Amino acid sequence: MSPTSLLLIGASGFIGGTLLVSLLSRKDREQFDITVLIRGEDRAALIREKLSLKTVVADLSDREVIIAAAENADVVINTANADHPVGTAAIIEGLKNRKVKTGKTAIYIH
């Protein structure tokens with residue numbers, strides 16, 4: 001069985017960082033293919049170097065980047081901002097595109 005692709009948005013914040021640590025310390029960690037969407041190449045480089053995770057460098061306003069990232073995820077967890085309509089709409093659009101293209105329904109935790 002292939003790993004569950006998980007897109008975590010907001011991993012540099014308190015909630016997202018705590019969640020990321022929890023995910024990485026799970027005994028079944030290999031069941032998750034984690035990608036972190038994060039602002040700033042400096043933060044992304046640190047995550048790639050220290051944690052060996054995939055990263056997408058974007059802001060919640062980077063609509064097309066977020067749509068593409070969400071299309072590739074089985075699960076999207078957004079801990080970045082609960083009140084960002086552009087980012088939220090982009091995530092939903094990406095998940096909708098995923099459903100149309102693959103027939104797979106993803107999970108969105110916001």
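For segment 75-87, taking the residues that are in contact with a Phe, Trp or Tyr (Cβ under 9 Å, 6 or more places away or on another chain) and either without any contact (Cβ under 8 Å) to a residue 60 or more places away in the chain or closer than 22 Å to residue 1 by Cβ (or both), the one that is least open to solvent (accessible area, probe 1.4 Å) is identified as 76. Based on what the data block shows, is residue 38 open to solvent by less than 60 Å² (accessible area, probe 1.4 Å), out of contact with any strand residue (DSSP E or B) (no Cβ under 8 Å at 6 or more places or on another chain), without any contact (Cβ under 8 Å) to a residue 40 or more places away in the chain and not small (Gly, Ala, Ser)? Answer is no for this residue. Is it the case that some residue within segment 94-106 is open to solvent by 60 Å² or more (accessible area, probe 1.4 Å), modelled with pLDDT of 95 or more, within 13 Å of the chain's Cα centre (by Cα) and not hydrophobic (A, V, I, L, M, F, W, C)? Within segment 94-106 (the criterion being open to solvent by 60 Å² or more (accessible area, probe 1.4 Å), modelled with pLDDT of 95 or more, within 13 Å of the chain's Cα centre (by Cα) and not hydrophobic (A, V, I, L, M, F, W, C)), the answer is no, since none of the residues qualifies.
Kindly provide the set of residues from segment 1-44 that are within 22 Å of residue 105 (Cα to Cα) and among the aromatic types (Phe, Trp, Tyr), ordered by number. Passing the criteria: only 32. Mind listing whichever residues of segment 54-67 are within 12 Å of residue 87 (Cα to Cα) and open to solvent by less than 50 Å² (accessible area, probe 1.4 Å)? Residues satisfying the conditions are 58, 60, 66, 67.
The values are calculated or read from the model by the stated rules, or taken from the named source; none is laboratory data. On a predicted model such as this, the values are computed, not experimentally measured, just so you know. Cβ: placed from backbone, ideal geometry, glycine included. Neighbour counts: every protein chain shown. With ligands, DNA and RNA removed, areas are computed over all heavy atoms of the protein, side chains included. Shrake-Rupley method; radii C 1.70, N 1.55, O 1.52, S 1.80 Å.
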